[in-house]
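Everything on this sheet refers to the single structure shown next.
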2 protein chains.
Amino acid sequence: MPLKNTGTEQLIKDTAKRLLFAEGKLHATTQEIADAAGVNRTALHYYFRSRDLLIAAVFQEAMQGLSQRLDECMESEKPFREKIDHLITVFLKDMIAFPYQETFLITEINTLGKELMNNIQSGPVNNFLKQVQDEMEKGTIEKINPIHFLMNLFSLLSYPLIMAPLYRQLFQISGKDFNALINERKKMIMHMIFKED
Amino acid sequence: MPLKNTGTEQLIKDTAKRLLFAEGKLHATTQEIADAAGVNRTALHYYFRSRDLLIAAVFQEAMQGLSQRLDECMESEKPFREKIDHLITVFLKDMIAFPYQETFLITEINTLGKELMNNIQSGPVNNFLKQVQDEMEKGTIEKINPIHFLMNLFSLLSYPLIMAPLYRQLFQISGKDFNALINERKKMIMHMIFKED
DNA sequence: TTTTTATTTAACAATTTTGTTAAACAAAAA
DNA sequence: TTTTTGTTTAACAAAATTGTTAAATAAAAA
């Protein structure tokens, strides 16, 4: 166990996170990760014992961070509209920084132990679904299955970012213009949800 | 070039397509593909020369098929509402059969030659975007940037299927129940788009 | 200073994955 | 039948990737 703490362990994790979740290099080798971090490949084994354990550590750290921030949003005492607004901001920020994070989760579920999946708590989500239901009964938002409401929200936020390379090709737009497009979406999504705006 | 045509070449492609795009095994080895197809691994090299060429062939075939079907939808002479209805049906069917197809495209863009990306035609899409614009001016659908309209549509269709394993865990629902949920979506999406329904 | 401890590295070994060669096999053509 | 052609396979080779060992280094403790 590290006592000196030269920051190398965290550097390796952060670098792996960047390669995997930000740049989408889903099968980055240990050599590529070591090179990107500027350390010897053996350092990866020293700190994490094996590639799989490094990946698991990175994944757990990232997932825990995101789901914690989302849970905070969902459990906050804000009025519903502000709560959604905040949730969108938090989630969108994460997606822009790490667009491949969820893709990675999905495609590596088989590889990673399923125990990691089980860490995902469904408590806060279920609570939030009930709130959504309440707002529907109040008439704030359209009446649909709250699960659809949540899936719609995440879909509208995530998918265009995941598919950015494809869409830029398809619509023939530059990276700059595409970013502008993405930044329009928060407002648009709020408008779609709260129709009376 | 094959003259006898024992069906092995197509069998290998279909098997690879299933593993990669349906089961999401994005780094299936040549051995795994060969085993799943019930042929010797050397047969893969006989027909495709290398793993990369096999993958490229599978990818090109799949992408060409999908974009052809979508182009047909977009260029058809149907009234707008029916056209969207049909587009949803076609796309959803493909997504249910091969939920990892687009994910694969995105994560392997770097690996695959970018020439494959350039094959994607933007003509039919641009044409369709103009039709969407027309319908907005007619008042059939809400006025937004047509690109957002299209991204929204594909997002709502694709994302829940890509994330199925995560959502099943999060909402604690069985595969059967989740399928029922997915089948509700077509109607719901039509309702979201054509609000007066 | 010497000793200890944590960290980093180079050299080596093992494993996994891909690619090649040459031979066996099967079906149609000569 | 023999020959030819295409197909399939086993055995081998090469490359890429991961994992291990032991030595070098550097900083704190004795």
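Observations on the structure shown:
- Residue count for the stretch A:92-123 under the criterion of being surrounded by 12 or more Cβ atoms within 10 Å (Cβ to Cβ) and within 12 Å of the chain's Cα centre (by Cα): the result is 14.
- Those residues of the stretch A:169-191 which are surrounded by 14 or more Cβ atoms within 10 Å (Cβ to Cβ) and more than 10 Å from chain B (Cβ to nearest Cβ), in sequence order: A:186, A:190
- Test: residue in the stretch A:63-77 that is under 23 Å from residue B:25 (Cβ atoms) and polar (S, T, N, Q): no
- Among the residues of the stretch B:44-71, the ones that are farther than 19 Å from residue B:108 by Cα and either in contact with a Pro (Cβ under 6 Å, 6 or more places away or on another chain) or buried (at least 17 other Cβ atoms within 10 Å of the Cβ) (or both) come to 4 in all.
- Residue B:115 more than 16 Å from DNA strand C (Cβ to nearest atom) and within 23 Å of residue A:164 (Cβ to Cβ): yes
- Residue in the stretch B:145-164 that is within 24 Å of residue A:191 (Cα to Cα), without any contact (Cβ under 8 Å) to a residue 60 or more places away in the chain and part of a loop (DSSP other than H, G, I, E, B) present: yes
- If the condition is being within 13 Å of DNA strand C (Cβ to nearest atom) and within 27 Å of residue B:158 (Cβ to Cβ), then the stretch B:13-47 contributes B:16, B:19, B:20, B:25, B:26, B:27, B:28, B:32, B:33, B:36.
- Here residue B:144 fulfils each of the conditions (1) more than 24 Å from residue B:102 (Cα to Cα); (2) at the interface with chain A (Cβ under 8 Å from one of its Cβ atoms); (3) modelled with pLDDT under 95 apart from (3).
- Highlighted here are the helices (runs of 4 or more DSSP H) found entirely within the stretch A:1-111 that include at least 3 residues which are more than 12 Å from every other protein chain (Cβ to nearest Cβ) and without any contact (Cβ under 8 Å) to a residue 40 or more places away in the chain: A:8-17, A:30-37, A:41-48, A:51-75, A:80-97.
- The lone exception for residue B:89 - which of (1) near DNA strand C (Cβ under 9 Å from one of its atoms); (2) surrounded by fewer than 14 Cβ atoms within 10 Å (Cβ to Cβ) it fails: (1)
- Candidate set from the stretch A:155-168 (those that are more than 7 Å from every other protein chain (Cβ to nearest Cβ) and closer than 24 Å to residue B:166 by Cα); member that is modelled with the lowest pLDDT: A:164
Quick grid of which residues meet (1) surrounded by fewer than 16 Cβ atoms within 10 Å (Cβ to Cβ); (2) under 30 Å from residue B:163 (Cα atoms); (3) at pLDDT 95 or above:
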position	(1), (2), (3)
B:3	yes, no, no
B:12	no, yes, yes
B:15	no, yes, yes
B:19	no, yes, yes
B:40	yes, no, yes
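The rows are residues; the columns are (1) modelled with pLDDT of 95 or more; (2) of a type in the set (D, E, K, R).
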| position | (1), (2) |
| --- | --- |
| B:51 | yes, yes |
| B:66 | no, no |
| B:89 | yes, no |
| B:100 | no, no |
| B:110 | no, no |
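- Residue within the stretch A:74-83 that is within 16 Å of DNA strand C (Cβ to nearest atom) and in contact with a helix residue (DSSP H, G or I) (Cβ under 9 Å, 6 or more places away or on another chain) present: no
- Across the stretch A:117-138, the qualifying residues are those that are within 8 Å of chain B (Cβ to nearest Cβ) and part of a loop (DSSP other than H, G, I, E, B), and the one among them that is farthest from residue A:106 (Cα to Cα) is A:122.
The values are calculated or read from the model by the stated rules, or taken from the named source; none is laboratory data. Bear in mind that the values here come from a model prediction, so they are computed numbers and not experimental data. Note that we place each Cβ from the backbone using ideal geometry, even for glycine, and neighbour counts take in every protein chain shown.
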